[in-house]
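Asks: Shown below is the structure under consideration.
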Amino acid sequence: MSLLRLRALPALIFVLFLTACSQSQTLQGIFQRGTPHEEYARRLRQAGLHQTALGRDWLHAAEQALRDSLVVTLPFQESGFFPADRATAASYRYGVRTGETIRISLTLAPGTEAPRVFVDAFELSPAQAAPTRLASADTASLDFSYVAEADRQHLLRVQPELLRAGRYTVRIRREPSLGFPVPGKNDVAVGSFWGVERDGGARRHEGIDIFARRGTPVVAAANGYITRVNETPRGGRVVWLADTEHGQHLYYAHLDRQLVQPGQQVRIGDTLGLVGNTGNARSTPPHLHFGIYRSGQGPVDPFPFVRRADALPPAPKTLPEQLGHWVRVRDKQAILRLSPADRAAALGTAPRQTPLLVVGAQAGWLRVQRPDGRVAYVSAKAVAPAAPLRREQLAAPADLRALPHPDAPTIAALPAQTAVAVLGEFGRYRLVRQPDGRTGWLG
């Protein structure tokens, strides 16, 4: 055990005791005022750990994750690793559309040492400096969702409690927030999308057109009540449904028949009418024009509300071999990227022999931590396992440090003649492995 851990152990035992006492309260924290993460941070401060290097690093990692997240595309799946010898927090930034349900699940690998992992979803807004918390949870296996209220960038932070190592798999995918308004169909049946020009460019399409045979039932996509049943020159026979759960109005147009009355309560799946081509759709094949109007926003694109749920990408094949281990740059240099994609923005390069700690893995890409602590994605083909470059015998006593920095915590004091294997180089420091398997940095 490192000297740093020994110094912090009395206070740490107190914190872990409080954590154990709260295990029966896990699965709380979804849409609540004080999140499990905030409660844990409060207990760190009460125990005085915020004044130690260990506690400061944990709190700093939590804040840093909100500023320096990597960017991913949904659907997303990644297996990750938390090292026990340093405070870390993983964060992922992703774009959402109004009306999408974002489902997040995190599962800890069997046998993991981390009984608690804190998961927090935030909304990022250009108008606000601080992110807005959307949902939070903590447990060994969790699954929760929320509906996106605007086209925004969202961020997911994943952080374990202090001094706990563990492997996990995180999944982020999109699901519809409404039922599909034409049973037996899905988004493949949409033949005209939001924003398409109408009347020679004089207006734009404020909905989607779902094509189906004349007389096909049209159903309620949400629970609510009927506010209007009438006929207009443009929409033909129309039905308006007030979605009481989401605070919006659903618009059904070009119906052949209307089968509900104003004021009628309906539930998801109840028949409202039949597909037709009334109104200005008389020259087109039968279809349902489906629109959504939100308070304060007006018409919004209905497609994200009803599109099919994402299928998850394939699980990474690199998990057992590389996750939690050191790899080394294979060629002259490797490009470190903001996202797991060949055309993603470059965050820099790592020269040959640079050791990188694998903290995440997905098919074809690794999320790695550089020796200076920065995190980025690198192509799995650009690195190789950090087999020993050479073996050395120390000519003089030396301190083995947790990071390549003169002020980094000391892992062990190595006497002269200690045999070490050099796994990589970063500046004037060498990453070495002792005969007992422990790794660290020598200046």
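Each reported figure results from applying straightforward, stated rules to the coordinates on display, with no laboratory input. Treat the numbers as computed from the prediction; the structure is a model and nothing was measured. Heads up, the Cβs are rebuilt from the backbone with ideal geometry, glycines too, and the neighbour counts pull from every protein chain shown.
Asks: Are there trypsin sites (Lys or Arg not before Pro) in the stretch 83-142 that DSSP puts in a loop and that have at most 12 other Cβ atoms within 10 Å, and which ones?
Replies: Passing sites in the stretch 83-142 do not exist.
Asks: Magnitude of the Cβ-charge dipole of the chain, K/R +1 and D/E -1, about the Cα centre, nearest 20 debye?
Replies: 780
Asks: Per 10 Å bin from zero, what fraction in whole % of the C-alpha pairs of the stretch 390-442 is there, up to the bin with the longest pair?
Replies: P(r) over the stretch 390-442, rounded to whole percents: 28, 63, 9.
Asks: With contacts defined as alpha carbon pairs under 8 Å and 6 or more residues apart, what's the relative contact order of the chain in percent? List each step's numbers first, then the result.
Replies: On the way: 1082 pairs, mean separation 55.0, N = 443.
Relative contact order, the chain: 12 percent.
Asks: About the Cα centre, and with charges only on the beta carbon of Lys, Arg (+1) and Asp, Glu (-1), how big is the dipole of the stretch 361-438? Nearest 20 debye, please.
Replies: On the way: 11 positive and 6 negative charges, 57 e Å.
The calculation lands at about 280 debye.
Asks: Using the alpha carbons of the chain, what is the convex hull volume per residue in cubic angstrom, as a whole number?
Replies: For the chain, the hull spanned by Cα atoms encloses 171 Å³ per residue.
Asks: What Kirkwood hydrodynamic radius, in Å, does the stretch 353-443 give when the mean of 1/r is taken over all pairs of distinct Cα atoms and then inverted?
Replies: Here the Kirkwood hydrodynamic radius works out to 13.8 Å.
Asks: Let me ask you something else. With springs only between Cα atoms under 10 Å apart, run a GNM on the chain and tell me which of Asp310, Asp120, Asp342 wobbles the most.
Replies: In the Gaussian network model the winner is Asp342.
Asks: Go through the stretch 363-402 and name the trypsin sites (Lys or Arg not before Pro) that are in a DSSP coil and have 15 or fewer other Cβ atoms within 10 Å of their Cβ.
Replies: Arg374
Asks: Provide the FRET efficiency to the nearest 0.05 for the Thr349-Gln153 pair, computing r from the beta carbons and using R0 = 25 Å.
Replies: With R0 = 25 Å, the Cβ-Cβ based efficiency is 0.45.
Asks: Another one. Work out the P(r) tail for the stretch 187-306: percent of alpha carbon pairs separated by more than 24 Å, whole number.
Replies: 18
Asks: Follow-up. Could you work out how far apart the two model spin labels at Ser295 and Arg43 are, taking each label as a point 7 Å from the Cα in the direction of the beta carbon, and quote it in nm?
Replies: Placing both labels 7 Å along Cα→Cβ, they lie 3.9 nm apart.
Asks: Using Cα springs under 10 Å in a Gaussian network model of the chain, which residue among Asp407, Asp187, Asp256 shows the largest mean-square fluctuation?
Replies: The residue that fluctuates most here is Asp407.
Asks: On full extension of the chain, what length is gained from Gln393 through Arg428, given 0.36 nm per residue of separation minus the C-alpha to C-alpha distance?
Replies: 10.9 nm
Asks: Give the share of C-alpha pairs in each 5 angstrom bin for the stretch 319-384, from 0 to the last occupied bin, in whole percents, shortest bins first.
Replies: 4, 21, 36, 27, 11, 1
Asks: Would you work out which of Gly207, Gly191, Gly236 lies farthest towards the positive end of the dipole of the stretch 177-251, given +1 charges on the beta-carbon of Lys and Arg and -1 on that of Asp and Glu, about the Cα centre?
Replies: Of Gly207, Gly191, Gly236, it is Gly236.
Asks: Okay, moving on. Counting helices only, and only those DSSP H runs with n ≥ 4, report the 222 nm mean residue ellipticity of the chain as the sum of -39,500 (n - 2.57) divided by its residues, in deg cm²/dmol to the nearest 500. Present the calculation step by step, with values, prior to reporting the outcome.
Replies: Working: 5 runs with 53 residues, N = 443.
That comes out to -3500 deg cm²/dmol.
Asks: Something else about it: Averaging sequence separations of C-alpha pairs under 8 Å and six or more residues apart, then dividing by the length of the stretch 117-197, give the relative contact order as a whole percent.
Replies: 30
Asks: Just want the ordering: Phe305, Phe193, Phe211, Phe118, from fewest to most Cβ atoms lying within 10 Å of their own Cβ.
Replies: So the residues, fewest neighbours to most, are Phe193, Phe211, Phe118, Phe305.
Asks: Using Cα atoms only, what is the angle between the long axis of helix 53-67 and the major principal axis of the chain, expressed in degrees (0 to 90) to the nearest 10?
Replies: Once rounded, the angle reads 30 degrees.
Asks: Springs between alpha-carbon atoms under 10 Å, Gaussian network over the chain: tell me which of Ala363, Ala65, Ala419 tops the mean-square fluctuations.
Replies: So, out of Ala363, Ala65, Ala419, the one fluctuating most is Ala419.
Asks: Round to the nearest 0.05 the FRET efficiency obtained for Ala84 and Arg267 when R0 = 60 Å and r is the Cβ-Cβ distance.
Replies: In this case the efficiency is close to 0.75.
Asks: To the nearest Å, what is the center-to-center distance of the stretch 87-120 and the stretch 237-251, using C-alpha atoms only?
Replies: 33
Asks: So, in nm, how far is label His50 from label Gln128 when the simple model puts each one 7 Å beyond its Cα toward the Cβ?
Replies: It works out to 2.2 nm between the two label points.
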